[in-house]
Amino acid sequence: MRLLEMITLIMKVAFRNLWLYRVKTLVIGTLLCLGTFLGVIGFSLLRDVEGSMRESIIGSIAGHLQIYSDKAKDDLALFGGGFMGRSDIGELPDIVPYREVAMANPNVQAFVPMGLDMSLLGRGNEMDESLDLLREALKNQDPVAIQTRIDAVRFQLEQLKKEAAEQKKLAADVAIIEQREADIAKAEAPGFLDDLKTVDEAKLQFLETKIAPLSGEKTPIYLGYIGTDISIYQKNFSKFHVIEGQDLPPGQRGILLAHRARENFLKVIVARLFDRLNKRLVATNIKIKGDAENERNAADLARQYSAIISSLSRDQASDLSKKLTDFGINGAKPDQDLITHLTSQLKEFLTVNDENFRARHEWFYKNIAPLIKLYEISPGETITLRAYTRSGYVKSLPLKVYGVYSFAGLEDSDLAGQTSIIDLVSFRELYGKMTEASQKELAEMRAQVGIKDIEASNAEDALFGEASQAQIETRSLEAKPGPVEAVINIKPTIPDRFDLDEVTRGLALNAAIKLKDPSRLAQTQEELIQAFKDKGLGVRVVDWQQASGIVGQMVNIMRLVLVLALGVIGLVTLVIINNSIIVGTLNRIREIGTMRAIGAQKSFVVGLFLGETCVTGLIGSILGAILGAVVLVLLSKVGIPAVNDVVSFLFSGPRLYPNIRWDIIIATPFVITLVATLSSIYAARLAARVQPAEAMQEKE
């Protein structure tokens with residue numbers, strides 16, 4: 001019998017047997033269909049997630065490659081490592097030679113110097129903000145603004161007086177509370193605020209030093225930031241865009257606040273709690289009742305009435321009380337004074353549940369948010385960053401906030417939106433590296449006062465020996481009688497601008513490298529490693545996945561989980577196939593013996609069983625692939641929602657829209673069919689050992 005005729009005969013018999021033993025065929029076919037379906041969906045989504053995450057990381061701050069010192073004690077982790085704290089990734093003392101080597105590679109598009117660090121951002125309180133506005137109004141001599149600010153301060157004084165009265169009931173040291181009450185009474189006394197028409201330093205400093213601290217100090221926050229050459233950065237990171245304010249101009253000191261950091265830490269707490277609840281209720285459809293986190297946020301929200309009241313003037317408070325009444329919030333005792341009545345109304349308004357939340361969330365942003373300062377810091381303001389330098393001392397630096405930025409598609413991702421951006425020169429100062437102008441000034445000061453460098457071994461003699469007996473001239477100055485005509489404020493000034501040349505050289509901690517052809521990433525990485533080595537520049541060159549830290553390993557973890565899941569399903573399927581064939585063999589001994597008796601060879605029997613598995617596998621896995629393709633098409637239309645911030649980062653946006661990947665859809669069923677067929681060889685060989693005599697004995 002020729003091969004083609006034998007295959008044709010085998011397939012005919014196989015199809016007949018599949019129908020004859022259709023229960024077994026259905027079980028095996030269903031398992032192979034399920035495995036193929038999961039394989040098509042899983043590997044397609046995995047590739048989409050990997051592509052999305054690559055886009056998020058490369059397009060935000062990592063670039064295709066990153067370089068940093070080979071003396072680093074820690075690995076570079078742009079999105080955070082596994083532990084909190086300040087990483088030590090070493091330094092690139094001067095970026096010039098590193099840039100020259102990198103840009104000499106024909107596949108390198110851009111070299112972006114960087115440095116990551118964090119600082120402490122001090123915060124005032126509502127009274128501080130009111131007094132700042134009052135001082136500004138007095139400077140501008142705006143009578144309407146002055147009266148409005150004075151009214152706001154007076155309204156807050158009333159609240160402080162009520163708080164002091166409550167504290168007095170509980171305090172052990174009543175004298176302190178009485179002193180506070182005396183200070184508040186002095187500020188409320190006729191003639192104190194009423195007569196403020198110009199800047200009166202004595203009164204303003206009394207308010208700022210005695211009254212403002214009574215409102216308490218907000219907890220300082222840590223602000224992560226990246227220092228870079230902003231002009232090169234903007235050109236090479238496509239996801240970056242300013243959503244409020246303006247770009248940071250080249251050559252200008254300043255900061256661009258990260259959108260998520262501002263939302264999470266610098267937005268008024270009552271709005272943040274509304275946002276958190278709205279996100280969980282709308283995005284993830286998690287009800288307030290029964291969810292511990294939602295119930296905790298709702299309980300915190302009900303306590304935020306004082307933050308709203310302290311931000312209002314009396315007129316605003318009166319208007320808000322009327323609007324709340326129109327909204328159906330009447331409060332407990334409408335006949336009480338304004339503060340007590342509004343407090344009662346706000347407590348009732350801020351008590352939310354699943355039924356009233358959406359209406360109150362909308363009402364809050366329409367009627368209350370415009371009355372309060374929604375964000376502590378906005379573009380145009382100046383903030384002071386305080387950071388520990390590498391030498392261990394604290395360095396403070398005022399920086400103007402030029403704008404608020406985000407990464408396109410990652411607006412809601414905490415992973416991608418926590419790092420603010422400052423100019424590279426300011427970063428170096430906070431890091432502890434002085435500018436050339438500062439170094440020159442320090443050298444002149446050292447020369448002027450005669451500072452000399454000494455060896456540590458000679459320090460004792462220099463400080464306490466004969467050489468230390470310096471002549472010190474003492475002079476006394478007598479104050480001139482008469483009124484002080486002017487107060488001269490002497491403080492160190494830091495220029496707002498710097499020479500653009502300063503960012504093209506000097507210190508950086510790491511640098512991003514963008515490639516012209518990303519498909520040659522591995523090759524370019526090897527070439528750069530060799531090029532830096534040839535020039536004697538000790539650096540580590542890592543790809544975007546390694547540079548992103550633990551975030552970059554998520555895809556590997558997901559791939560491992562998927563492969564393990566498919567492996568378990570596949571192993572179970574193969575065991576069932578083998579057992580089915582073995583059981584089928586025992587049930588078909590007479591049939592096999594008959595075939596052997598009429599001349600069928602062992603190879604025919606083996607081929608028959610393999611053919612049955614192959615046909616079952618093809619039918620089942622192709623159906624699974626078709627089903628998987630249909631599901632992918634549907635998901636590509638509606639998208640898969642990101643259930644939390646981490647998934648939003650992995651999806652590079654709030655939803656993932658899968659692509660139809662024909663290579664996976666076509667290859668997966670054939671691979672699964674091949675594996676299933678090969679796994680049935682043992683059972684087929686077992687069936688081929690059946691002798692005609694055994695079949696006859698069984699018949700007898």
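The values are calculated or read from the model by the stated rules, or taken from the named source; none is laboratory data. As the structure is a prediction and not an experimental result, all values here were calculated from the model. Positions of Cβ are backbone-derived with ideal geometry, glycine not excepted, and every protein chain shown enters the neighbour counts. Ligands, DNA and RNA are stripped out before the accessible areas are found, and what is left, the full protein with its side chains, is counted by its heavy atoms. Shrake-Rupley method; radii C 1.70, N 1.55, O 1.52, S 1.80 Å.
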Please work out which one of (1) under 16 Å from L350 (Cα atoms); (2) in contact with a Leu (Cβ under 8 Å, 6 or more places away or on another chain) is the condition K239 fails and give its number.
-> (1)
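One line per residue, one yes/no per condition, for (1) open to solvent by less than 20 Å² (accessible area, probe 1.4 Å); (2) in contact with a Gly (Cβ under 9 Å, 6 or more places away or on another chain); (3) touching a residue at least 12 places away in the same chain (Cβ under 8 Å):
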site: L45; (1), (2), (3): no, no, yes
site: R54; (1), (2), (3): no, no, yes
site: P93; (1), (2), (3): no, yes, yes
site: R99; (1), (2), (3): no, no, yes
site: V108; (1), (2), (3): yes, no, yes
site: M114; (1), (2), (3): yes, yes, yes
Pairs, please: C-beta under 6 Å, at least 6 apart or cross-chain, first residue farther than 21 Å from S311 by Cα and in the stretch 158-170, second in a helix (DSSP H, G or I)?
-> Q167/I177; K168/I177
Considering the stretch 205-261 alone, what residues qualify as being assigned to a loop (DSSP other than H, G, I, E, B), open to solvent by 40 Å² or more (accessible area, probe 1.4 Å) and charged (D, E, K, R)?
-> E217, K218, D247
Among (1) open to solvent by 30 Å² or more (accessible area, probe 1.4 Å); (2) closer than 19 Å to L509 by Cβ, E50 falls short only on (2)
Looking at the stretch 347-389, which of the residues that are closer than 26 Å to I255 by Cα and of a type in the set (D, E, K, R) is nearest to the chain's Cα centre (by Cα)?
-> E376
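Just for the stretch 1-51: of the residues that are of a type in the set (A, V, I, L, M) and closer than 16 Å to F670 by Cα, which one is farthest from the chain's Cα centre (by Cα)? I'd like the intermediate steps shown before the answer.
Let us first name the residues in the stretch 1-51 that are of a type in the set (A, V, I, L, M), namely 1, 3-4, 6-7, 9-11, 13-14, 18, 20, 23, 26-28, 31-32, 34, 38, 40-41, 45-46, 49.
Those left that are additionally closer than 16 Å to F670 by Cα: 28, 31-32, 34, 38, 40-41.
Numbers: I28: 45, L31: 40, L32: 40, L34: 36, L38: 30, V40: 30, I41: 27 Å.
Across the stretch 1-51, the extreme among qualifying residues is I28.
Table: residues versus (1) open to solvent by less than 40 Å² (accessible area, probe 1.4 Å); (2) aromatic (F, W, Y); (3) assigned to a helix (DSSP H, G or I).
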| site | (1), (2), (3) |
| --- | --- |
| A531 | yes, no, yes |
| L537 | yes, no, no |
| Q553 | no, no, yes |
| N556 | no, no, yes |
| L560 | no, no, yes |
| L564 | no, no, yes |
| I576 | no, no, yes |
Considering only the stretch 386-437, state which residues are open to solvent by less than 60 Å² (accessible area, probe 1.4 Å), under 28 Å from D501 (Cβ atoms) and of a type in the set (A, V, I, L, M, F, W, C).
-> A387, L397, L399, V401, I421, I422, L424, V425, F427, L430
In the list D291, D300, D315, which residue meets the criterion of being farther than 30 Å from F427 by Cα, touching a helix residue (DSSP H, G or I) at 6+ places or on another chain (Cβ under 8 Å) and without any contact (Cβ under 8 Å) to a residue 24 or more places away in the chain?
-> D291
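Determine if the stretch 507-515 includes at least one residue that is open to solvent by 60 Å² or more (accessible area, probe 1.4 Å), at pLDDT 70 or above and either among the β-branched types (V, I, T) or over 30 Å from R253 (Cα atoms) (or both). Even if it seems obvious, please write down each step before you answer.
So the first thing to find is which residues in the stretch 507-515 are open to solvent by 60 Å² or more (accessible area, probe 1.4 Å), and the list is none.
Checked against the condition, which is being open to solvent by 60 Å² or more (accessible area, probe 1.4 Å), at pLDDT 70 or above and either among the β-branched types (V, I, T) or over 30 Å from R253 (Cα atoms) (or both), the stretch 507-515 yields no hits at all.
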Count of the stretch 374-385 residues which are in contact with a Ser or Thr (Cβ under 6 Å, 6 or more places away or on another chain) and open to solvent by 10 Å² or more (accessible area, probe 1.4 Å) | 1
Looking at (1) without any contact (Cβ under 8 Å) to a residue 12 or more places away in the chain; (2) open to solvent by less than 40 Å² (accessible area, probe 1.4 Å); (3) part of a helix (DSSP H, G or I), which is the only condition G607 fails?
-> (1)
Among the numbered criteria (1) touching a residue at least 24 places away in the same chain (Cβ under 8 Å); (2) closer than 30 Å to Y222 by Cα; (3) not polar (S, T, N, Q), which single criterion is violated by L133?
-> (1)
Residue identified as within 26 Å of G409 (Cβ to Cβ), buried (at least 16 other Cβ atoms within 10 Å of the Cβ), under 52 Å from the mean Cα position of the chain (by Cα) and free of Cβ contacts under 8 Å to residues at least 24 places away in the same chain among L635, L656 | L635
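Look through the stretch 588-604, keep the residues that are among the β-branched types (V, I, T) and open to solvent by less than 50 Å² (accessible area, probe 1.4 Å), and return whichever of them is modelled with the highest pLDDT.
Step one: of the stretch 588-604, the residues among the β-branched types (V, I, T) are 589, 592, 594, 598.
Pick out the ones that are also open to solvent by less than 50 Å² (accessible area, probe 1.4 Å) and you get 589, 592.
Numbers: I589: 72, I592: 75.
Among those that are among the β-branched types (V, I, T) and open to solvent by less than 50 Å² (accessible area, probe 1.4 Å), it is I592.
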Looking for whichever is under 21 Å from V40 (Cβ atoms) and either outside any helix (DSSP H, G or I) or not polar (S, T, N, Q) (or both) here; the options are L686, L627. Which one fits?
-> L627
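With respect to K287, is the statement that it is touching a Gly at 6+ places or on another chain (Cβ under 9 Å), open to solvent by 10 Å² or more (accessible area, probe 1.4 Å) and charged (D, E, K, R) true?
When the stated conditions are applied, K287 does not pass them.
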Which number in (1) on the phi < 0 side of the Ramachandran plot; (2) under 46 Å from the mean Cα position of the chain (by Cα) marks the one condition that G63 misses?
-> (1)
Read through the list (1) within 30 Å of S413 (Cα to Cα); (2) open to solvent by 40 Å² or more (accessible area, probe 1.4 Å); (3) out of contact with any helix residue (DSSP H, G or I) (no Cβ under 6 Å at 6 or more places or on another chain); (4) among the charged types (D, E, K, R), then give the number of the only condition that D645 fails.
-> (2)
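Residues that are within 30 Å of N294 (Cα to Cα) and open to solvent by 60 Å² or more (accessible area, probe 1.4 Å): does the stretch 177-193 have at least one? Before you say what the answer is, go through the steps one by one.
Narrowing the stretch 177-193 to residues within 30 Å of N294 (Cα to Cα): none.
No, the stretch 177-193 has no match at all.
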How many residues does the stretch 391-415 contain that are aliphatic (A, V, I, L, M) and within 21 Å of D88 (Cα to Cα)?
-> 2
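Can you name every residue in the stretch 276-307 that is in a helix (DSSP H, G or I) and closer than 20 Å to E126 by Cα?
The initial filter retains those residues of the stretch 276-307 that are in a helix (DSSP H, G or I), namely 276-283, 292-301, 305-307.
Those that are in a helix (DSSP H, G or I) and closer than 20 Å to E126 by Cα: D300, L301, Y305, S306, A307.
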